[in-house]
């Protein structure tokens with residue numbers, strides 16, 4: 001994959017938002033769009049195309065599962081890869097997140113040095129046989 005991966009990241013914890021920004025900026029293959037508010041992320045997604053979602057699970061305004069459902073209702077995002085980030089990553093938690101539409105789960109705390117590489121590997125695995133199409137909005 002040589003294209004730039006456009007990621008919509010939604011996280012209500014501002015310190016994790018900043019650490020993720022720094023971590024993902026280690027790769028010149030990632031273009032990051034970050035929001036601490038799920039509502040603002042939905043507003044952004046209604047007019048912009050992204051290649052993947054990176055979503056916190058536990059947020060007070062709207063949890064990650066509900067946010068993913070609302071994102072999937074937007075035209076062009078029905079099958080966009082979704083990665084959840086959570087501190088609760090027991091087997092039952094992962095099964096529940098997958099039932100909500102997660103393609104992968106990254107456990108918090110994560111290694112900031114390897115996060116970009118991990119996200120890129122997940123995306124490449126998910127799109128290996130089905131490259132994403134960029135649709136202008």
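Here are the numbers for the structure shown:
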| read-out | value |
| --- | --- |
| Number of the exception - residue 20 against (1) without any contact (Cβ under 8 Å) to a residue 60 or more places away in the chain; (2) under 21 Å from residue 122 (Cα atoms); (3) in contact with a helix residue (DSSP H, G or I) (Cβ under 9 Å, 6 or more places away or on another chain); (4) assigned to a helix (DSSP H, G or I) | (1) |
| Residues located in the range 7-28, provided they are over 20 Å from residue 57 (Cα atoms) and under 12 Å from the mean Cα position of the chain (by Cα) | none |
| Answer from 102, 82, 45 - the residue that is touching a helix residue (DSSP H, G or I) at 6+ places or on another chain (Cβ under 9 Å), buried (at least 16 other Cβ atoms within 10 Å of the Cβ) and farther than 20 Å from residue 124 by Cβ | 45 |
| Residue match in the range 62-74 (condition: closer than 23 Å to residue 15 by Cβ, modelled with pLDDT under 90 and touching a strand residue (DSSP E or B) at 6+ places or on another chain (Cβ under 6 Å)) | no |
| Hits in the range 75-97 (condition: modelled with pLDDT under 90 and in contact with a strand residue (DSSP E or B) (Cβ under 8 Å, 6 or more places away or on another chain)) | 87, 89, 93, 94, 97 |
| Residue that is surrounded by the most Cβ atoms within 10 Å (Cβ to Cβ) [pool: residues in the range 105-123 that are touching a strand residue (DSSP E or B) at 6+ places or on another chain (Cβ under 6 Å) and under 13 Å from residue 81 (Cα atoms)] | 123 |
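The values are calculated or read from the model by the stated rules, or taken from the named source; none is laboratory data. In this text, all values refer to a predicted model and were calculated from it rather than measured experimentally. Neighbour counts run over all protein chains shown; Cβ positions are idealised from the backbone, glycine included.
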